[in-house]
Amino acid sequence: MERANQTNSVSEFILLGLSSRPEDQKPLFALFFIMYMVTLAGNLLIILAIRSDTQLQTPMYFFLSILSFIDICYTTTIVPKMLVNFLSEKKSISYAECMTQMYFFLAFANTESYLLAAMAIDRFVAICDPFHYVTIMSHRRCVLLLVFSCAISDLHSLLLVLLINRLTFCDSNVIPHFLCDINPLLKLSCSPTFVNEVVINTEGLITLVTPFICVIISYLRILIAVLKIPSAAGKRKAFSTCGSHLTMVTLFYGSIIYVYFRPLSSYTIKDRVATVIYTVLSSMLNPFIYSLRNKDMKRGMRKLMGRRGPRQHLCERTQQ
């Protein structure tokens, strides 16, 4: 009982955010509000375009629509609380809300990581074994990959949150971050964090590195296969199908590696900026990267907009 009382001695945390200066709060609110609205609108358009175009009913776009949905959930876990704190004097978050936010934040982040790996495998099969693509990347296998991604991400997130929950927070409740993340809370704890750090450096490392290795192996195999294509046009066409995905992988994994693959003692404000990149910025850029660099998505977007246009025009004529 005494241990439980110590653990729950902190009823709330204070999130310092990206800046503690009062004059920065309203500009930051405006910036992140716009980014959040763009993220919601862009990813929703991606989902609607894929669902409404029969030519986009392929494994690649199945994973892309799920990725867009995850991005919407991902940013919704983080940004609304940020926006509230930008305009409030007391930037507090309750202990239970903090643990809940951390759970969903980690779960969605890991799910996105596994989805990016699944998309890399899809590109590998499409380029290296096109004749068996429909058989290998069947709808059933795509659904199984999605279920596996969600299940392992949820279990990983639950384990880390339970380990954080057993720590004691007694000296300070001020988190130098804009969300409840693992590293800031470990630094804040006044109880030993050895077990947590061991789990993060073993199970956490395996969980994060496994999909990243899948991406690397897939693209190495793709590179070998593309280099064997005799014509330059064939090579460009093969690489063009991977360009958007490679951009997202670089942005997402690059910032994550910078934040989590360094000693806990070196955690600084630069880590907060890097966290913005792989949480808010990558989710906002996802629709632009995939729609602007992908002919099929451009066509799907035009079809979606074209369907709405005639309907609106018909409604106007009926009213007249």
Checking Ile66 against (1) open to solvent by less than 50 Å² (accessible area, probe 1.4 Å); (2) touching a residue at least 12 places away in the same chain (Cβ under 8 Å); (3) within 25 Å of Val174 (Cα to Cα), which single condition isn't satisfied?
(3)
Given (1) open to solvent by 30 Å² or more (accessible area, probe 1.4 Å); (2) free of Cβ contacts under 8 Å to residues at least 40 places away in the same chain; (3) not in a loop (DSSP other than H, G, I, E, B), where does Glu89 come up short, assuming only one miss?
(3)
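Identify, from the list Leu145, Leu179, Leu155, the residue that is under 30 Å from Ser20 (Cβ atoms), within 22 Å of the chain's Cα centre (by Cα) and not β-branched (Val, Ile, Thr).
On the way: Leu145 fails: under 30 Å from Ser20 (Cβ atoms); Leu155 fails: under 30 Å from Ser20 (Cβ atoms).
After ruling out the rest, the residue left standing is Leu179.
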Which of the following residues is among the hydroxyl-bearing types (Ser, Thr, Tyr) and farther than 21 Å from Met297 by Cβ: Thr76, Thr54, Thr39, Thr58?
Thr76
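Which count do you get for residues in segment 126-149 that are closer than 24 Å to Phe108 by Cα and assigned to a loop (DSSP other than H, G, I, E, B)? Even if it seems obvious, please write down each step before you answer.
Taking segment 126-149 and keeping what is closer than 24 Å to Phe108 by Cα, we get 137, 139-149.
Now narrow it down to the ones that are assigned to a loop (DSSP other than H, G, I, E, B): 137.
Residues flagged as closer than 24 Å to Phe108 by Cα and assigned to a loop (DSSP other than H, G, I, E, B) within segment 126-149 amount to 1.
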Residue pairs qualifying under the 6 Å Cβ cut-off, at least six apart or on distinct chains, with the first in segment 289-305 being under 26 Å from Thr250 (Cα atoms) and outside any helix (DSSP H, G or I) and the second being open to solvent by less than 30 Å² (accessible area, probe 1.4 Å) and at pLDDT below 80, are Arg293/Gly243; Arg293/Ser244; Asn294/Ser244
Take segment 84-128 and flag every residue that is within 25 Å of Asp71 (Cβ to Cβ) and among the hydroxyl-bearing types (Ser, Thr, Tyr).
Thr100, Tyr103, Thr111, Ser113, Tyr114
Check off (1) closer than 19 Å to Arg272 by Cα; (2) among the aliphatic types (A, V, I, L, M); (3) touching a residue at least 40 places away in the same chain (Cβ under 8 Å) for Val84 and give me the number that stays unchecked.
(3)
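With respect to Phe131, is the statement that it is free of Cβ contacts under 8 Å to residues at least 40 places away in the same chain, closer than 22 Å to Leu64 by Cα and either touching a Pro at 6+ places or on another chain (Cβ under 6 Å) or open to solvent by 50 Å² or more (accessible area, probe 1.4 Å) (or both) true? So that I can check it myself, show each step before the final result.
Values: free of Cβ contacts under 8 Å to residues at least 40 places away in the same chain: yes; closer than 22 Å to Leu64 by Cα: no; either touching a Pro at 6+ places or on another chain (Cβ under 6 Å) or open to solvent by 50 Å² or more (accessible area, probe 1.4 Å) (or both): yes.
Against the criterion (free of Cβ contacts under 8 Å to residues at least 40 places away in the same chain, closer than 22 Å to Leu64 by Cα and either touching a Pro at 6+ places or on another chain (Cβ under 6 Å) or open to solvent by 50 Å² or more (accessible area, probe 1.4 Å) (or both)), Phe131 does not qualify.
Would you pick out the residues in segment 92-112 that are aromatic (Phe, Trp, Tyr) and open to solvent by 30 Å² or more (accessible area, probe 1.4 Å)? Spell out how you get there, then give the answer.
The initial filter retains those residues of segment 92-112 that are aromatic (Phe, Trp, Tyr), namely 95, 103-105, 108.
Residues satisfying the conditions are Tyr103, Phe104, Phe108.
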If Ile14 meets every condition in (1) assigned to a helix (DSSP H, G or I); (2) at pLDDT 90 or above; (3) hydrophobic (A, V, I, L, M, F, W, C) apart from one, which number is that one?
(1)
For segment 216-229, pairs from a residue that is more than 24 Å from Ser113 (Cβ to Cβ) to a residue that is of a type in the set (Val, Ile, Thr) and open to solvent by less than 50 Å² (accessible area, probe 1.4 Å), with Cβ under 6 Å and 6 or more apart or across chains, are Ala225/Ile127
Conditions: (1) open to solvent by 30 Å² or more (accessible area, probe 1.4 Å); (2) assigned to a helix (DSSP H, G or I); (3) out of contact with any Pro (no Cβ under 9 Å at 6 or more places or on another chain). Arg123 meets all but one. Number of the miss?
(1)
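Touching a strand residue (DSSP E or B) at 6+ places or on another chain (Cβ under 7 Å) and open to solvent by 10 Å² or more (accessible area, probe 1.4 Å): which single residue out of Ile34, Ile14 fits that description?
Working: Ile34 fails: touching a strand residue (DSSP E or B) at 6+ places or on another chain (Cβ under 7 Å).
That would be Ile14, the only listed residue that is touching a strand residue (DSSP E or B) at 6+ places or on another chain (Cβ under 7 Å) and open to solvent by 10 Å² or more (accessible area, probe 1.4 Å).
The values are calculated or read from the model by the stated rules, or taken from the named source; none is laboratory data. A quick note: this is a predicted structure, and the numbers were derived from the prediction, not measured. Positions of Cβ are generated from backbone atoms using ideal geometry, with glycine treated the same way; all protein chains shown enter the neighbour counts. Side chains are part of the model used for accessible areas, which takes the heavy atoms of the whole protein and leaves out ligands, DNA and RNA. Shrake-Rupley method; radii C 1.70, N 1.55, O 1.52, S 1.80 Å.
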